[in-house]
Amino acid sequence: MSASINMLSGLGDKGPAAIVVEANGKRLLLDAGGALHPGEPVTWARGLDVDAVIISHDHIDHIGGVSELPATLPLYCTPLVAQALPNGRAWQPLPERGTCQIAGIPVTTGQAGHSLGGVWIHLDVAGGIFYSGDACFESRLFPFDTPPPAQIALLDASYGTYDQPQQACVDAISAHLDRPLVFPVPETGRALEMALWLAEEADARGLSLAIDPIIRANLQTLLALPATLRRSHVDKRIEAILVRPDASQPSLNLISDRDDTAAMWPGFHLLHTGYLTPSRCAELAAGDILWQRWNVHLCASHLVGLADQLNAERVVPLFTHLSDPALSNWRTLLGARLATQKTLFLNTDALNTHVLNANTLNNRSLA
Ligand SMILES: [Zn+2]
């Protein structure tokens, strides 16, 4: 039995996620990412021919390209992620944690520790193909489920080889809390855990806080899920936030990221905690905004730990630059397991799964 993996987009930079796995004569698209930078075209969908698409989570670089796909293409995602689909888009449910068959391919999903309704995806073909989507070990709210073994690991390396623990991030953000701040955050992701932390910090320091209603609503949604879909011992802390009134003149504001600019918040500093678009990089360089990461992706040591756990023969770091010096750092971290080819071919015989020399085969198949 053979399979192939074609990274249409998301390999070599922080770009839209779109990966095609072909196995058992069927082709599955993993994620349908949209442009991270406003105005950039989505090109990976041109001429695409697949049997179904599976969406890992509802962030734009994973779901924003669904509108480029035929409306009749079967689409699988969890019910919470489905809320972010274009209006009227048909979808079929993917388990938050469990197994199903999609186009005849056995699929296992588990909690990815990154966002509300978000999952990793494991395909039981050719010794196992694991795709993390966006994943994190350090969330205070979202659990990370241990996946089954996989020969091939396609892993979230959005942070490159960065390896700071979350506590260092929290300490650095804490140092800013004595000034009026606005935190624009993705409303289904780090917003929820930052709400918990900020409420506790505000109480401890006597600071005033307001939390965006959409973030409160998503906390309510998280609390309504089966308890196994959130970390233990957080329910009382979420309940406390839901009854906590917003301050009338807050010094701290946790808001859904709607591209607010510094000019819209006179007297406040905008503190970003995630990916910066080029225009935000320019704002940061000009001193108009602040930035301090709050970890929501795999740090390098966690990525390596996950690759070990999977017992992966080949590991593809996704959503990150793969030119030197980063490439040498990945080689040091992953050794012979590092794979950076756009296309991987796998052959399974009775004894072994072989990852074939993708470049050679790719050239041959193109010839
Ligand atoms: Zn994400």
- Query: Could you give the dipole magnitude of the chain about its Cα centre, charging the beta-carbon of Lys and Arg +1 and that of Asp and Glu -1, in debye to the nearest 20?
  - Reply: 400
- Search the structure for amide H atoms under 5 Å from the amide H of Asn24, placed 1.01 Å from N in the peptide plane, and list their residues when 5 or more places away or on another chain. Ser2
- Cβ-Cβ cut-off under 11 Å around Thr78, Lys and Arg +1, Asp and Glu -1: the net charge is -1
- Item | Cβ-based net charge around Pro266, under 15 Å, with every Lys or Arg adding one and every Asp or Glu removing one | -1
- Once both labels are modelled 7 Å past Cα along the beta-carbon direction, what's the Thr99-Ala172 spacing in nm? 4.2
- Item | Hull shadow area, averaged, the range 18-93 [alpha-carbon convex hull, nm²] | 5.0
- Quick one: check the C-alpha center-to-center distance for the range 103-176 versus the range 203-250, whole angstrom. 24
- Message: I'd like the antiparallel share, as a percent to the nearest 5, of DSSP beta bridges with both residues in the chain.
- Response: 55
- Assuming R0 = 56 Å, what is the FRET efficiency of Gln164 and Ser2, from their Cβ-Cβ distance, to the nearest 0.05? 0.90
- How high is the relative contact order of the range 166-291, in percent, with contacts defined as C-alpha pairs under 8 Å that are six or more residues apart? 38
- Query: Which angle from 0 to 90°, rounded to the nearest 10, does the C-alpha axis of helix 190-205 make with the longest principal axis of the chain?
  - Reply: 30
- Write down the accessible area per residue of the chain in Å², having rolled a 1.4 Å probe over the full set of protein chains. 41
- For the range 12-26, just list the computed ³J(HN,Hα) in residue order, Karplus coefficients 6.51, -1.76 and 1.60, θ = phi - 60°, integers in Hz, with x standing in for Gly and Pro. x, 6, 7, x, x, 8, 7, 10, 9, 10, 10, 7, 6, x, 10
- P(r) histogram, all alpha-carbon pairs of the range 166-291 included - 5 Å bins from 0, percent: 2, 10, 21, 23, 21, 13, 6, 3, 1, 0
- So who's got an amide H within less than 5 Å of the one on Leu154, skipping anything under 5 residues away but keeping other chains? H placed 1.01 Å off N, in plane. Phe130, Tyr131, Ser132, Val316
- Multiply the residue gap between Thr221 and Gln292 by 0.36 nm, knock off their C-alpha separation, and tell me the result in nm, one decimal place. 22.8 nm
- For the range 166-291, build the charge dipole from Cβ charges (+1 Lys, Arg; -1 Asp, Glu) around the Cα centre, then report which of Ala199, Ser174, Ala285 sits farthest towards its positive end. Ala199
- Message: Give me Rg/Rg_expected for the chain, where Rg uses Cα atoms only and Rg_expected = 2.2 N^0.38 Å with N residues.
- Response: 1.00
- Task: For the chain, calculate the relative contact order in percent as a whole number, restricting contacts to Cα pairs under 8 Å that are 6 or more residues apart.
- Result: 19
- Added length on full extension, which subtracts the Cα-Cα distance from 0.36 nm per residue, His233 to Ser248: 2.4 nm
- So if R0 is 22 Å, what FRET efficiency would Gln309 and Asn347 give, r being the distance between their Cβ atoms, rounded to the nearest 0.05? 0.35
- Can you list the lysines whose alpha carbon is less than 16 Å from that of Lys14, not counting same-chain residues fewer than 8 positions off? Lys342
- What dipole magnitude, in Debye to the nearest 20, does the range 167-296 give about its Cα centre under +1 on Lys/Arg Cβ and -1 on Asp/Glu Cβ? 280
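The values are calculated or read from the model by the stated rules, or taken from the named source; none is laboratory data. Remember, predicted model here, so these are calculated numbers, not experimental data. Reconstructed Cβ throughout: ideal geometry from the backbone, glycine too, with neighbour counts over all protein chains shown. The protein model used for the area step is the full one, side chains on, heavy atoms only, and it has no ligands, DNA or RNA in it. Shrake-Rupley method; radii C 1.70, N 1.55, O 1.52, S 1.80 Å.
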